[in-house]
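First up is the structure itself, then whatever we jot down about it.
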Amino acid sequence: MKVMTVDNEKLALEGLTRTIQKVLPSAETASFINPQEALEYGAREEIDIAFLDINMNPVNGVELARRLKQTNPRINIIFTTGYSEYTGDAMKIHASGYIMKPVTIEKVRKEIEDLRYPMHKETGKRLRVQTFGNFEVFADNEPVHFAYTKTKELLAYLIDRRGSLCTNGEIMAILWEDDANERHTSYLKNLRKDLRATLEGLGYGDVLVRRRGMIGIVPSLIDCDYYELLANRPEARQSFAGEYMVQYSWAEFTQAELERLY
């Protein structure tokens, strides 16, 4: 995946690029202060997503987007700006998204999960997760086995949180029902290591987002019946029979909400 970031303020550009790299760690990112250089790069390369500041000179973001779309018709344009009055211009050129500054991980992740032209992993492989009934994980249609039983539950909770970064304290409270102690802190480190090693070994390392003391997943890289149901897909509605991750007591809250909605 190739991502372009353009902002003629150096600090803003650096911050934007760092944020995107945290959400898309495997993406090839090209950053530009000069809109003209960005345009020249876009003419040579096939760009998947372009994050463009609007208020730039001598070429503003809206005009830059128009020119980029001439050579990359399926490019996803996501505007980043501090000015809400440009939303009309963004809609006219069919932009994929619009982020009001300051740009945050949550805002970027939300836009990437709802791209106008969705991206897929270059390998063509996607981790498949079943949440209706028992929670199960499949890679290439084969069940995924972890070194620890709790690793699977950790992934289940991250799936349930739908991309939100979860703290170690939150995870321990869920996995051990508030019985947090030093032994569990050490155990959680092993679970995180096992989860990362297992997914990377299967070619799905991009699914995880890790920060110091926090961990999450990238929902757009996962085929999940729960996510399909939230997107109101007919197939998911038909397959949901009122059971959700039944082996985990903490999942009862989500199950109750799904029963109320569907």
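Laboratory data are not the source of any read-out in this text; all were calculated from the coordinates shown. Small disclaimer: the values here were computed from a predicted structure and weren't measured. Please note: Cβ atoms are built from the backbone with ideal geometry, for glycine as well, and neighbour counts cover all protein chains shown.
Data table
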quantity: Where chymotrypsin sites (Phe, Trp or Tyr not before Pro) fall in DSSP loop in the stretch 25-68, at most 16 other Cβ within 10 Å; calculated: none
quantity: Under the Debye formula (equal points on every Cα, no solvent term), log10 I(q)/I(0) of the chain at q = 0.07, 0.08, 0.11, 0.16 Å⁻¹; calculated: -0.29, -0.38, -0.69, -1.16
quantity: Dipole magnitude of the stretch 24-76 about its Cα centre (Cβ charges: Lys, Arg +1; Asp, Glu -1), debye to nearest 20; calculated: 220 debye
quantity: Given K110/K193; K107/K152; K2/K22, the pairs whose alpha carbons are separated by over 23 Å; calculated: K110/K193; K107/K152
quantity: Size of the stretch 40-159 as Cα extents on the principal axes (Å, biggest first); calculated: 57, 30, 22
quantity: Degrees, to the nearest 10: 35-44 long Cα axis against longest axis of the chain; calculated: 70 degrees
quantity: Orientation-averaged projected area, Cα convex hull of the stretch 1-95 (nm²); calculated: 5.4 nm²
quantity: Long-range tail of P(r) for the stretch 214-262 (Cα pairs > 13 Å, %); calculated: 60 percent
quantity: Farthest toward positive dipole pole in the chain [+1 Lys/Arg, -1 Asp/Glu at C-beta], among S26, G163, F253; calculated: S26
quantity: Per-residue [θ]222 nm for the chain (sum of -39500 (n - 2.57) over DSSP H runs n ≥ 4, rounded to 500); calculated: -12500 deg cm²/dmol
quantity: Helix 182-202 vs. the chain, principal-axis angle (Cα, 0 to 90°, nearest 10); calculated: 60 degrees
quantity: The stretch 42-96 - Rg and Dmax from Cα coordinates, angstrom; calculated: 10.5, 32
quantity: Ratio Rg/Rh [Cα only; Rh per Kirkwood] for the stretch 143-262; calculated: 0.97
quantity: Unit charges on C-beta of K, R, D, E only; dipole of the stretch 130-262, Debye; calculated: 600 debye
quantity: The chain - charge dipole about Cα centre, Lys and Arg +1 at Cβ, Asp and Glu -1, debye rounded to 20; calculated: 440 debye
quantity: Hull volume in cubic angstrom per residue (convex hull over the Cα atoms of the stretch 153-222); calculated: 75 Å³
